[in-house]
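Any read-out appearing in this document is the output of simple, stated calculations on the displayed coordinates, not a laboratory observation. Note that the structure is a prediction, hence the values are computed from the model and not measured. FYI the Cβ positions are ideal-geometry reconstructions off the backbone, even for glycines, and counts take in every protein chain you see.
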Amino acid sequence: MKIGFNMFLWTTNVGRTHEALLRDIKAAGYDGVEVPVFEGGPDDFRRIGAMLDRIGLERTAVTAMGDPSMNLISADATTRKKGVDYMKWALDCSEALGATLICGPMHSTLGGFSGVGPTAAEKKRSVSSQRAIGDHAAKRGVTVALEALNRFECYLVNTMADLSEHIDAIGHPNIRAMYDTFHANIEEADPIGAYSKHVRNVAHIHISENDRGVPGRGHVPWSETFRAIRKSGYDGWLTIEAFGRGLKDLAAATKVWRDFAESPEAVYRDGIKHIRKEWKKAGA
């Protein structure tokens with residue numbers, strides 16, 4: 001098991017200006033960080049990867065598509081192609097970064113809604129898009145971990161059952177699932193069962209409190225969650241994802257209007273203590 005921290009708390013564009021912060025995250029005990037992929041090119045991410053190597057941090061990647069002109073489930077073939085091309089670019093950047101996994105809601109437009117639930121035609125188009133993405137991911141040695149989001153952020157897949165069924169339909173070894181405790185807290189009647197029933201498809205886990213603040217300070221059933229994860233034999237990343245008001249555009253996208261912790265440092269310092277404590281307890 002490895003412990004990571006998602007850089008969304010500070011930025012969508014990691015660079016040299018974050019080196020001191022990254023060194024402090026390393027000093028706090030983290031194995032790696034999750035790097036946003038939204039702008040730049042492979043050379044930029046190669047430089048970020050070199051900096052992380054010097055610091056001694058491993059890395060995963062994260063991205064999303066909020067632009068409806070690249071919706072992977074659109075009825076318009078040109079729109080879907082733009083989405084596939086975007087994902088190919090993100091995978092190229094991830095490989096350059098040295099990440100073997102990229103996660104996020106990379107299945108449909110973030111915050112885009114049709115007014116009804118997903119149709120059979122949309123799911124079919126998604127399968128085709130994801131298979132094309134999966135083929136490119138395989139060439140780059142990267143696993144794509146799709147995320148089930150709550151109903152207020154997307155409509156294609158809201159639960160782990162929805163997501164796992166879709167992963168099975170896609171049937172590509174490089175297209176897998178991510179379990180996120182924040183979204184499960186909203187959408188799942190049984191968040192623990194939702195993980196355990198579909199763990200065969202899970203390649204990544206986000207540790208996120210119900211208010212997006214410091215893990216362990218809210219009401220996510222952490223003891224039961226960590227017991228289920230340990231029992232399942234999962235040995236991948238446990239990556240903390242938290243949000244704040246520091247980035248205006250990201251705060252607007254995540255609907256963050258208030259601070260959830262006394263400081264960003266409290267999130268990553270107390271967060272890793274929480275994971276270590278619960279992981280140890282779950283194995284007792």
When residues of the range 2-41 are limited to those that are touching a Gly at 6+ places or on another chain (Cβ under 8 Å) and aliphatic (A, V, I, L, M), the one surrounded by the most Cβ atoms within 10 Å (Cβ to Cβ): V33
I207 fails exactly one of the following numbered conditions: (1) in contact with a strand residue (DSSP E or B) (Cβ under 6 Å, 6 or more places away or on another chain); (2) β-branched (V, I, T); (3) farther than 24 Å from K281 by Cα. What is the number of that condition? (3)
Does any residue in the range 101-126 that is in contact (Cβ under 8 Å) with a residue 60 or more places away in the chain come within less than 7 Å, Cβ to Cβ, of a residue that is crowded, with 20+ Cβ neighbours inside 10 Å and assigned to a helix (DSSP H, G or I) six or more places away or on a different chain, and which pairs are these? I102/A90; I102/L91; I102/S94
If we keep only residues of the range 26-75 that are acidic (D, E) and either out of contact with any Cys (no Cβ under 8 Å at 6 or more places or on another chain) or part of a strand (DSSP E or B) (or both), then the residue nearest to A177 (Cα to Cα) is E34
Counting only residues that are within 27 Å of D211 (Cβ to Cβ), hydrophobic (A, V, I, L, M, F, W, C) and out of contact with any Cys (no Cβ under 6 Å at 6 or more places or on another chain), how many does the range 169-201 have? 8
Looking at the range 65-78, can you tell me whether even one residue there is under 20 Å from R276 (Cα atoms) and free of Cβ contacts under 8 Å to residues at least 40 places away in the same chain? no
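Residue-by-condition table, conditions (1) under 27 Å from A169 (Cα atoms); (2) in contact (Cβ under 8 Å) with a residue 12 or more places away in the chain; (3) in contact with a helix residue (DSSP H, G or I) (Cβ under 8 Å, 6 or more places away or on another chain):
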{"site": "G193", "(1), (2), (3)": "yes, no, no"}
{"site": "H198", "(1), (2), (3)": "yes, yes, yes"}
{"site": "F226", "(1), (2), (3)": "no, yes, yes"}
{"site": "Y234", "(1), (2), (3)": "yes, yes, yes"}
{"site": "L238", "(1), (2), (3)": "yes, yes, yes"}
{"site": "G244", "(1), (2), (3)": "no, yes, yes"}
{"site": "A253", "(1), (2), (3)": "no, yes, no"}
{"site": "H274", "(1), (2), (3)": "no, yes, yes"}
{"site": "G283", "(1), (2), (3)": "no, yes, yes"}
State yes or no: is G218 without any contact (Cβ under 8 Å) to a residue 24 or more places away in the chain, farther than 23 Å from L57 by Cβ and surrounded by 14 or more Cβ atoms within 10 Å (Cβ to Cβ)? yes
Could you grab me the full set of residues in the range 114-130 that are of a type in the set (D, E, K, R) and over 20 Å from N150 (Cα atoms)? K124, R125
If H18 satisfies all but one of (1) free of Cβ contacts under 8 Å to residues at least 60 places away in the same chain; (2) in contact with a Cys (Cβ under 9 Å, 6 or more places away or on another chain), what's the number of the condition it fails? (2)
Tell me which residues, restricted to the range 260-281, are closer than 20 Å to L21 by Cα and exposed (fewer than 13 other Cβ atoms within 10 Å of the Cβ). E262, S263
Give the residue, chosen from I175, I207, I186, that is of a type in the set (A, V, I, L, M, F, W, C), surrounded by fewer than 21 Cβ atoms within 10 Å (Cβ to Cβ) and more than 12 Å from S232 (Cβ to Cβ). I186
Answer with yes or no whether E122 is surrounded by fewer than 24 Cβ atoms within 10 Å (Cβ to Cβ) and within 30 Å of I3 (Cβ to Cβ). no
